[in-house]
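**Q** Before I ask anything, here is the structure I am working with.
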Amino acid sequence: MRFLLTNDDGIYARGLSVLYEALSQEADCLIVAPEIEQSAVGHAITLFRPLMVRRATKTGNFLGYAVCGTPADCVKIGIKELSDKPVDLVVSGINRGGNAGINVLYSGTVSAATEAAIMGVPSMAVSLNTHKEADFTFAAQFARKMARLILNNRDQLAGSAINVNIPCLPPEEIKGAVVVRQSSKNIIEFFEKRMDPRENTYYWFTGNPQAENEPPDTDVGALASGYITITPIHFDLTRYDLLDKIHHLVEQHDF
């Protein structure tokens, strides 16, 4: 069995290394990941320059393929060119930082899993809800359990990716795992204005999902309450509830 592992933090990220150690107990794992950090690139793909790929090593041993591109690029080329056998599961992560709510749209981690779903390969994205240095061991073991679940139910989950967010808490303080919807609440975001040594102005962007008063049946609310969140996501962005209404409006309008 072959798993393809990727991320958006870069091929040498600690979260990816720990994920590889855990999932290698389940399958033959191949790493195909960005050469440098690609956080928040969304579902971008490379079209107007060559996609450079090199064999990456760590302590003298083959680590995987480093791609000068995005996480979605890595999944595409990993499945189509770099894996010498069919890929059974794509796992993206373990990301340092949560990917819940509106962040799902910006996340390179989640977009890698979504790209796999588009290509017909079962997939999941795994994120640890902290931007600080952390122990990824528990998150990796949970990802291993989720990998088994997905593969054992691949027909029922076909066409979807699974987005997993794990609280950065001691395992005994995590309240459990819940299946929840994605929050649609806006992110609290702002730009911090600064001055460089040459008195040039620059801005540093930051933002976080609004967890306050968030319903417990959403990824943002449940994650803030100490639960592991599991959310099935899909690449079809159609508002089906508006199709008939807009169809009626178009018929009335003189185009």
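The values are calculated or read from the model by the stated rules, or taken from the named source; none is laboratory data. All values reported here derive from a predicted model rather than from experimental measurement. Cβ placement follows ideal geometry from the backbone for every residue including glycine, while neighbour counts extend to all protein chains displayed. Protein only, heavy atoms only, side chains kept; ligands, DNA and RNA dropped before computing areas. Shrake-Rupley method; radii C 1.70, N 1.55, O 1.52, S 1.80 Å.
**Q** Considering the Cα trace of segment 131-255, what is its radius of gyration and what is Dmax, both in angstroms?
**A** 20.7, 63
**Q** For the chain, what is the calculated [θ] at 222 nm in deg cm²/dmol (nearest 500), taking -39500 (n - 2.57) for each run of four or more DSSP H residues and dividing by its residue count?
**A** -7000 deg cm²/dmol
**Q** Over all directions, what mean area does the Cα convex hull of segment 1-151 project, stated in square nanometres?
**A** Taking a quarter of the hull surface, the average projection is 8.4 nm².
**Q** Next question. Find, to one decimal place in angstroms, the Kirkwood hydrodynamic radius of segment 92-156, where the mean of 1/r is taken over every pair of different Cα atoms and then inverted.
**A** Kirkwood radius, segment 92-156: 12.5 Å.
**Q** I want to verify a result. In a Gaussian network model of the chain, Cα cutoff 10 Å, which of these has the top mean-square fluctuation: Leu243, Leu157, Leu82?
**A** Of Leu243, Leu157, Leu82, the most mobile in the Gaussian network model is Leu243.
**Q** Another one. What does the charge count around Ala72 come to, taking other residues whose C-beta lies under 14 Å from its C-beta (Lys +1, Arg +1, Asp -1, Glu -1)?
**A** -1
**Q** Can you check what the net charge comes to around Ala224, using other residues whose Cβ is under 10 Å from the Cβ of Ala224 (Lys, Arg +1; Asp, Glu -1)?
**A** Summing Lys/Arg as +1 and Asp/Glu as -1 gives -3.
**Q** Oh, and also: With the Cα gyration tensor of segment 1-46 in hand, convert its eigenvalues to equivalent ellipsoid semi-axes via √(5λ) and list them largest first in whole Å.
**A** Over the Cα atoms of segment 1-46, the semi-axes work out to 21, 12, 7 Å.
**Q** Which order do peptides 34-42, 100-108 fall in by mean Cβ count within 10 Å, highest first?
**A** 100-108, 34-42
**Q** Further question: Sequence gap at least 6, Cα distance under 8 Å: using those rules, report the relative contact order of segment 1-148 to the nearest whole percent.
**A** This gives 29 percent for segment 1-148.
**Q** Out of the total accessible area of the chain (probe 1.4 Å, heavy atoms of protein only), what percent is carbon and sulfur?
**A** C and S fraction of accessible area: 53 percent.
**Q** Quick one: putting +1 on the C-beta of Lys and Arg, -1 on the C-beta of Asp and Glu, what dipole do you get for segment 140-255 around its Cα centre, in Debye to the nearest 20?
**A** 520
**Q** What are the DSSP H helices in the chain that stretch 20 Å or more along their long axis, judged by alpha-carbon atoms, and whose average Kyte-Doolittle hydropathy comes to at least -0.5?
**A** In the chain, the long hydrophobic H runs are 137-152.
**Q** If you don't mind, there's one more thing I want to ask. Give the share of C-alpha pairs in each 10 angstrom bin for the chain, from 0 to the last occupied bin, in whole percents, shortest bins first.
**A** 7, 29, 33, 19, 8, 2, 0
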